[in-house]
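Engineer: Starting off with a structure, shown below.
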Amino acid sequence: MVFDSTHTPQNSCPVSETFDQKNLTSYAGANLIIDFARDVLQLRAQLDNITLSKGPGALYSLSTDLEALIVSYALGIERISHIEDIEADPLLCLKLGQTKLPDTTTLYRSLDRFDTEEHIKQLADVNTHLLEHLLQGRKSVILDIDTTVETVHGQQEGTCVGYNPRYHGRASYQPFFAFDSQSGATVHSKLRSGKTPSGDEVIEFYKEAKAQLPKGTKVRFVRGDRGMTSGKVCDQLEKDNVSYTLKIKMNSSLYDRISRGVLWKRLYSNDDQVVIEAGSVRYKAKSWDRHRRIVFIRSRPKFTAQQMLFAEYSWHYEAIVTDLNWEAEDIWHFYNQRCTCENHIKELKDGVHIDAISKAGFYPNAADLLLKVIAYNVLLAFRGIAPTEYNVYGITRFRRVLLRIPGVLVHHARKWTLRLPSYWRHAEAWQCIRSTIQQVNTSLLPV
């Protein structure tokens with residue numbers, strides 16, 4: 001069927017449309033990332049190790065379903081229901097060895113098979129295998145731990161009303177995340193209710209994250225926001241000989257300690273009229289069994305001599321508990337590097353849509369979160385073999401320039417060829433990535 005354009009802008013050339021091409025794809029980059037995931041990361045082999053299975057008459061294996069989900073998330077598909085828009089994509093079908101991708105009903109049912117903590121652990125083991133690539137050769141890591149709020153708009157299992165800065169009074173999940181500060185890799189993730197985590201929950205998650213690291217890689221530092229801090233957490237880290245910088249909530253006891261004298265050091269004073277000072281004290285909270293070092297950071301506008309009335313009340317205070325004996329300024333700068341953790345969570349939300357809740361059940365949603373984390377880590381590893389200038393790209397931009405590319409599949413002389421745009425400015429980067437994948441494949445061949 002041909003549609004002729006009869007209403008065209010002035011000086012515009014009329015263009016007709018016809019739907020007659022069978023081998024077009026808008027995800028040509030899938031040819032690269034699927035090869036990388038399968039051949040370099042051995043992702044499909046790891047998914048095949050999951051012991052859950054489907055019935056003998058199932059058209060798709062569970063590993064096929066999970067691989068389709070991971071690839072779809074890596075390509076930017078937000079929800080499982082949206083996969084129906086790409087289930088007939090010729091390149092995706094060819095690369096995954098199917099005449100059609102699993103339909104959404106099949107994918108939802110596959111998530112339902114993850115109905116216990118033990119089943120979720122098998123997906124976490126797949127992520128551990130990816131970390132062996134992302135943290136290759138690393139002896140230690142700086143672990144940044146945080147939570148984020150995922151608001152739900154239904155009756156999802158395991159949610160509750162808790163801290164929710166955007167949708168007050170709305171039920172939510174508040175999952176844990178642990179990131180490697182250097183690579184940005186998600187070391188561990190865990191779905192949980194919307195309540196603020198207790199010290200025992202933080203300790204349990206920290207231990208789980210530590211166990212996810214490749215053999216021989218240790219946790220050297222832990223950084224966390226106010227919700228991660230308690231005497232129990234500090235005790236556990238000290239017991240493990242892991243140094244820490246944890247934000248602590250300013251309370252009346254800390255303000256009272258400041259009023260009894262702190263030796264302040266001026267850190268910053270600029271043309272924008274901002275003053276920043278740092279100091280440290282020994283302090284023991286009521287729930288602690290010992291004194292610990294608290295680093296205070298305070299900031300305020302710089303006043304002129306005539307504006308100094310009640311200047312003490314203009315300070316904004318922050319407090320960091322630490323076992324490090326570094327200068328207060330160095331503690332402040334080291335803790336502030338944890339801000340990349342917020343960027344990683346933003347990348348997870350914008351890049352693989354961890355806040356798009358797929359199911360009503362808790363464990364299927366936990367499995368879906370882990371699949372998205374795996375997709376995110378696959379993207380990070382894939383970006384790592386791109387030319388250096390691409391390593392600073394966010395996930396969304398990286399996907400736009402190297403994955404969501406138009407192409408035509410051509411079958412000739414028993415060989416498939418993917419034809420790409422001749423004018424494409426990223427062709428050299430593509431060829432560089434392809435060369436790296438081929439080199440890795442060659443090195444894996446038996447001698």
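Since every read-out is calculated from the coordinates, none of them should be taken as a lab result. Here the structure is a predicted model, which is why all the values come from computation and not from measurement. Ideal geometry is used to build each Cβ from the backbone, glycine not excepted, and the neighbour counts take in all protein chains shown.
Engineer: To the nearest Å, what is the center-to-center distance of segment 13-33 and segment 361-409, using C-alpha atoms only?
Structural biologist: Going from one Cα centre to the other spans 22 Å.
Engineer: Shifting gears a bit: Can you pull out the chymotrypsin sites (Phe, Trp or Tyr not before Pro) in segment 397-439 that DSSP calls coil and that have at most 10 other Cβ atoms within 10 Å? Kindly include the intermediate steps, with their values, before the conclusion.
Structural biologist: On the way: sites: F398, W416, Y423, W424, W430; in loops: Y423, W424.
Answer in residue order: Y423.
Engineer: Rounded to the nearest 500, what is the chain's calculated 222 nm mean residue ellipticity when only DSSP H runs of at least 4 contribute -39500 (n - 2.57) each, over all residues?
Structural biologist: -11000 deg cm²/dmol
Engineer: Just want the ordering: R414, R290, from fewest to most Cβ atoms lying within 10 Å of their own Cβ.
Structural biologist: If I rank by nearby Cβ atoms, fewest first, I get R414, R290.
Engineer: Using a 10 Å cut-off around each Cβ, can you sort C432, C234 from fewest to most neighbouring Cβ atoms?
Structural biologist: C432, C234
Engineer: Okay, moving on. Just want to confirm a number: the relative contact order over segment 117-351, from Cα pairs under 8 angstrom separated by 6+ residues, in percent.
Structural biologist: That works out to 16 percent.
Engineer: For segment 1-103, which chymotrypsin sites (Phe, Trp or Tyr not before Pro) are both in a DSSP coil and crowded by at most 14 other Cβ atoms within 10 Å?
Structural biologist: Those satisfying the criteria are F19.
Engineer: Using the count of nearby Cβ atoms within 10 Å as a rough guide to exposure, how do M228, M250 rank from fewest to most? Each step should come with its number before you reach the end.
Structural biologist: Working: M228 25, M250 15.
Least crowded to most crowded, the residues run M250, M228.
Engineer: Please report, in debye to the nearest 20, how large the charge dipole of the chain is about its Cα centre when each Lys and Arg carries +1 at its beta carbon and each Asp and Glu carries -1 there.
Structural biologist: It comes to approximately 1040 debye.
Engineer: Here is a further query. Work from the charge dipole of the chain (Cβ charges, +1 for Lys and Arg, -1 for Asp and Glu, about the Cα centre) and give the residue of L409, F221, I331 farthest towards its positive end.
Structural biologist: Final value for the positive-end residue is I331.
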